[in-house]
Amino acid sequence: MACPPRAYLSSPHLRYLLKRLELREVYLMGGAHALAALALGTESVTPVDKIVGPGGRWVTAAKRALYGIVDVDLIAGPSEVVVVADGHADPAIVAADLLAQAEHDEDALAVAVTTSESLAEKVEARLRSRLRSLPGDSPARTALKRWGAVFLAEDMEAACGVVNRIAPEHVELLVEEPQRWVERITAAGAVFLGAFSPVTLGDYVVGSNHILPTARAARFASPLGVWDFVHRTAVIQVAPHRYPKLARAAATLAEVEGLPLHAEALSAGERGRL
């Protein structure tokens, strides 16, 4: 693990966690230079094969630059949530969950999509009221000014379409029968169903991995999972009696591609006498 010195030295909670995890190596370094050290190695840091974990914009830029030298988990951007709410949703919950997401980062995206004009007005009013009471330097103020929005959708089908177009990191379905609509969400890092499944629980305790695709990458990427820590190798063995038919097909394809040495290899030596 690599961790900025200030974060390590100032947090007994972090040091306790690392002890419980029995990590063998902890390097007191952070930011882009930490990723460079891990990927390329130094006199005191052995180079690694893969780098996993969140970070700010400089860490993200370093991951992008180092990908190929090492593997990385995701090229992740600022955090995102889209809260889908119908007329039965509690505007206080919708506003609170948008604010919680906006608290992450000044560039965090916090958006609500609702089928109820009345709910949209109530959510907007609650957000304005709550923002007035926040400290002037709260990231939530800037995030909501830059990337906050409340969209009004004609119906739930349209609302799900908006979500899939945004392809956000987190989606909350604060609607009646959320299980009915979850299958319509085809591009999201994680979907949280109902008022008792807020994203904040996903941040900490429910067990879903919290390293998720952002910046529309949910169209093609998945949350970090077991497969990201498994190295796979293909192993091929063809039975001799199957070889002639397969070789004829491969030779035809090689000839189409204009690769005569490929076709020749298929008939070399003992293979050619089968």
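The values are calculated or read from the model by the stated rules, or taken from the named source; none is laboratory data. Please read these numbers as outputs of a predicted model, since none were measured by experiment. For neighbour counting, all protein chains shown are included, and Cβ atoms are generated from backbone atoms with ideal geometry for every residue, glycine included.
Annotations for the structure displayed:
- Residue list for segment 43-70, restricted to those being surrounded by fewer than 16 Cβ atoms within 10 Å (Cβ to Cβ) and among the charged types (D, E, K, R): GLU43, ASP49, LYS50, ARG57, ARG64
- Of the residues making up segment 230-274, those that are closer than 30 Å to ASP71 by Cα and either assigned to a helix (DSSP H, G or I) or not β-branched (Val, Ile, Thr) (or both) are HIS231, ARG232, ALA234, GLN237.
- Taken over segment 197-225, the criterion of being outside any loop (DSSP other than H, G, I, E, B) and either at pLDDT below 90 or of a type in the set (D, E, K, R) (or both) is satisfied by ASP203, ARG219.
- The lone exception for TYR67 - which of (1) closer than 18 Å to GLY31 by Cα; (2) in the same structural domain as ILE166 (by TED's automatic domain parsing) it fails: (2)
- Flag if ILE51 is touching a strand residue (DSSP E or B) at 6+ places or on another chain (Cβ under 8 Å) and touching a residue at least 40 places away in the same chain (Cβ under 8 Å): no
- Strands (runs of 3 or more DSSP E) within segment 80-168 that include 2 or more residues β-branched (Val, Ile, Thr), within 24 Å of the chain's Cα centre (by Cα) and under 18 Å from VAL199 (Cα atoms): 80-85, 109-114
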